[in-house]
Structures are given as C-alpha cells and as structure tokens.
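**Student:** Pasting a structure below so you can have a look.
The values are calculated or read from the model by the stated rules, or taken from the named source; none is laboratory data. What you see is a predicted model, and the numbers here were worked out from it, not measured in a lab. Here the Cβ positions follow ideal geometry from the backbone for every residue, glycine too, while neighbour counts run over all protein chains shown.
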C-alpha cells in the first residue's frame, strides 16, 4: 500500500466520512434485518430461522448475527433507540447488552444512562439491575487421570497458557469473575508465595525492633560489667583479709565479719 501525501487534517476528515458512512450502512442493514424477520420472509427463501438465513445466505459470523438481531428487535420494539444509533452515541454492542433488561417502563431511563458509555460500563448497569449469582472460588486438582496403555489415545497438544484468553464476566455492579488459564509452574510459584507469606506472618509476632535489640544488648553488657566489678571488689576484699590475717590483726568486711585469734607467743 502506497502512502498518500495528504495532511493529517485531510486524512482525519476522510476517515470521519468513511466511519459515518459505515455506521449508516450498519443501521440500514439492521432495519432490513428487522423487516425481513418481522415479515418472516426468510421462510420464503428456504430457511428455517433468521439466524440460519444470515449465517448460510450472507456468511455472517455468530457474533455479528447476535448483535444485529438484537438491535433489529430493539428498533422494532423501542423506536427511541434509532436516533442514538444514527448519531453514534449508542453502538450496537451496548444496545444488545441493554436489551437484556430493557422494557417499555425503563427504556428511556436506561438510554439516558447508557449514552456515550462503553460496553463494560453498560454491562455493569445490566448487572446492577439484574445481578447474577456470585459463586465461591473453586480450586481443581491438577492430578492427571490414570489411563491404561490399552485405551490410551494421543491427546491434543494444548496451547501455551499465555495464548489462552482471559475471560471476564460481570456478575454484579461491583463484582466481576475472571477466568484464566495457567500452567503448572504458575501453580508452584503461587504455592511457594503462599508458604513464604505464612512464615512472614508467623514470625512477625515474635520479632523485635532494632531499637529493642540494641537496648537489650546494652543492658546485658551493663549486667556483665557490673558482675565483673563486683567480682573484682570481692577478690580485693578477700585479698586484704588474708593480708591482715597474716599480720595477726582482725578485720571486718561489709558483708561478713571474720574473727581471727592472735597467735600465741
């Protein structure tokens, strides 16, 4: 594809024109689908359902059939959705989501709230009005089943875990359930992390701060110093007592009194 020499403004205007035209073609196709389904014309063309007609005759994907059929039924039932679809404030994916809860009594209120919002935001509106059951977390064992060699068949090679899409489903306005595929290495890392977290929490209660550790060490050092001083004082006193004893004079210490008899002449 060769690049044009058009400016950014010119390319932007051209893109806006094409997107507007694309939106117009989509709205027109939705009107045609609504008319064909309402008149049951797909039966005359030899098809049992509108879904079968769009799939086999027009080669539409299941996703596109789902969105376009829901929107076709919406414009038939709720004409007020037509203008937001035309001006782009409401896309077919968000309208298809709103159809899960929309009725004649809440149509105007839901439209006013959903205009300009993304599909994800509209899913939360739907979940608020129609919350789903929140299941408990489930962990399945990864132990492989035992298969005998006689009935063993080659298993298909699974795709790497990184290539598996992460599936997310809105349950309530504030909760979503996320499902993802992980490999055995991830499970082992998760278990190791849980074990280390438990060890950290169990050791946190008995651990002391650095300041307490330093003060404890200083206290023990002072106790040892005081004990050494007392031992030195006792040793000095005992030595003095022995000196006095050898001289034949009695001495009284602060802790004990030693009576020494004078030697006979």
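**Student:** Would you confirm, using the coordinates I've provided, whether residue 89 is surrounded by fewer than 14 Cβ atoms within 10 Å (Cβ to Cβ) and at pLDDT 60 or above?
**Tutor:** Criteria not met by residue 89.
**Student:** Kindly indicate whether any position in the range 178-193 is closer than 29 Å to residue 128 by Cα, modelled with pLDDT of 75 or more and in a loop (DSSP other than H, G, I, E, B).
**Tutor:** Within the range 178-193, none of the residues are closer than 29 Å to residue 128 by Cα, modelled with pLDDT of 75 or more and in a loop (DSSP other than H, G, I, E, B).
**Student:** Kindly indicate the residue of the range 105-122 that is without any contact (Cβ under 8 Å) to a residue 24 or more places away in the chain and in a loop (DSSP other than H, G, I, E, B) and also surrounded by the most Cβ atoms within 10 Å (Cβ to Cβ) among those meeting that condition.
**Tutor:** So, considering only residues that are without any contact (Cβ under 8 Å) to a residue 24 or more places away in the chain and in a loop (DSSP other than H, G, I, E, B), the one surrounded by the most Cβ atoms within 10 Å (Cβ to Cβ) is 117.
**Student:** Turning to a different aspect of this structure: Based on this model, can you work out whether residue 73 counts as in a helix (DSSP H, G or I), in the same structural domain as residue 36 (by TED's automatic domain parsing) and touching a residue at least 60 places away in the same chain (Cβ under 8 Å)?
**Tutor:** In short, no.
**Student:** Scan (1) under 30 Å from the mean Cα position of the chain (by Cα); (2) assigned to a helix (DSSP H, G or I); (3) surrounded by 13 or more Cβ atoms within 10 Å (Cβ to Cβ) for the single condition residue 101 breaks and write down its number.
**Tutor:** Among (1) under 30 Å from the mean Cα position of the chain (by Cα); (2) assigned to a helix (DSSP H, G or I); (3) surrounded by 13 or more Cβ atoms within 10 Å (Cβ to Cβ), residue 101 violates only (2).
**Student:** Spot the failing condition for residue 47; the list is (1) more than 34 Å from the chain's Cα centre (by Cα); (2) in a helix (DSSP H, G or I), and only one is missed.
**Tutor:** Result: residue 47 passes all but (2).
**Student:** Keeping to the range 1-34, report how many residues are part of a helix (DSSP H, G or I) and farther than 30 Å from residue 50 by Cβ.
**Tutor:** Result for the range 1-34: 10.
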